[in-house]
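Accompanying notes for the structure given below.
The values are calculated or read from the model by the stated rules, or taken from the named source; none is laboratory data. Treat the numbers as computed from the prediction; the structure is a model and nothing was measured. All Cβ positions, glycine included, derive from the backbone under ideal geometry; neighbour counts span all protein chains shown.
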């Protein structure tokens with residue numbers, strides 16, 4: 001697989017073709033989103049990863065990749081907080097299982113956005129709902 | 001409670017920044033991403 005060889009530019013059309021031809025499980029959408037992420041195409045990565053999480057709200061890698069999209073945005077626009085659609089903000093906890101790592105990622109994003117108190121709130125949730133180390 | 005004590009300390013901006021840079025951010029950046037890529041290089 002091209003991603004393993006870090007040839008994401010070759011992988012991108014392969015994933016797009018797979019989806020176009022109907023082989024479209026959440027894992028393929030996730031890897032397409034990851035591929036867009038490596039390409040630096042944030043908007044495409046966000047759309048694709050949102051679709052990933054619609055298909056499988058329990059897919060851990062999708063959440064992490066989606067957090068990476070938000071991380072890139074926060075780094076590009078300091079002070080901009082994750083949007084209400086951000087899966088890592090744990091605001092989707094009604095539709096997705098609560099997971100400590102999402103709260104931890106949200107804490108990181110809010111910290112980078114300069115919102116220390118909000119970040120601490122999420123970090124506390126991560127601690128209360130499980131370990132801050134595993135998934 | 002130990003957790004309360006830790007969180008109280010984390011209101012210190014310098015300490016919090018250190019936590020973010022040394023623990024939280026590396027964890028976010030180090031997460032696995034590709035699912036169809038099971039073989040580790």
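General remarks:
- One residue from A:87, A:57 being at pLDDT 85 or above and either surrounded by 15 or more Cβ atoms within 10 Å (Cβ to Cβ) or over 23 Å from residue A:111 (Cα atoms) (or both): A:57
- In the range A:21-33, the count of residues that are surrounded by fewer than 17 Cβ atoms within 10 Å (Cβ to Cβ), within 23 Å of residue B:6 (Cα to Cα) and either within 11 Å of chain B (Cβ to nearest Cβ) or modelled with pLDDT of 90 or more (or both) is zero.
- Considering residues of the range A:41-51 that are surrounded by fewer than 24 Cβ atoms within 10 Å (Cβ to Cβ) and free of Cβ contacts under 8 Å to residues at least 24 places away in the same chain only, the residue nearest to the chain's Cα centre (by Cα): A:46
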